[in-house]
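Inspection log for the structure reproduced underneath, given as structure tokens.
Rule-based calculations on the coordinates, nothing more; no lab input. Keep in mind the model is a prediction, meaning the values are calculated, not measured. Neighbour counts run over all protein chains shown; Cβ positions are idealised from the backbone, glycine included.
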Amino acid sequence: MSLAIALGLAAMTAARAETCQLIGNQVHCDNGLSGQRLGDTTYWSDGSSSQQVGRSIYNSDGTSSQRIGNQTYFSDGTSSQTIGNTTYFSDGRSCRRIGQQIHCD
């Protein structure tokens with residue numbers, strides 16, 4: 001599971017604290033959402049999917065994101081910047097990766 005897809009998930013979820021655990025090709029979040037990566041596509045437990053093509057991620061709901069260096073630009077006009085193991089979103093949220101866990105505030 002790529003960090004980009006996991007952080008993309010964090011950007012799509014509700015603005016509340018959550019933790020996601022990455023195990024091999026699966027992700028499990030404490031908000032009940034989970035996903036499995038097969039090839040370049042991640043299939044989420046809510047029926048949606050995300051496909052990674054190069055630096056871009058395309059979601060089945062029509063949203064997308066593109067990573068350029070340590071910046072990610074989302075189709076809803078928001079962006080994020082990754083510094084070390086923390087990603088800061090333009091809406092004030094942040095996600096921190098510790099080992100195989102990602103915790104978002």
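What fraction of the DSSP beta bridges in segment 65-105 is antiparallel, stated in percent and rounded to the nearest 5?
DSSP beta bridges in segment 65-105 are roughly 100 percent antiparallel.
How long is the gain from Ser56 to Asp40 if the chain were fully straight, where each residue apart is worth 0.36 nm and the alpha carbon distance is subtracted? Walk me through the intermediate numbers first.
Numbers: separation 16, 0.36 × 16 = 5.76 nm, distance 1.10 nm.
Taking Ser56 through Asp40 to full extension adds about 4.7 nm, to one decimal.
Can you compute the modelled spin-label distance between Asp91 and Thr78, with each label point 7 Å from Cα toward Cβ, in nm?
0.3
Would you please classify the overall shape of segment 41-84 from the alpha carbon gyration tensor, given that a ≥ b ≥ c denote the square roots of the eigenvalues, rounded means a/c under 1.5, and beyond that prolate means a/b larger than b/c while oblate covers the rest? Working shown, then result.
Details: a/c = 2.09, a/b = 1.81, b/c = 1.16.
Verdict is prolate for segment 41-84.
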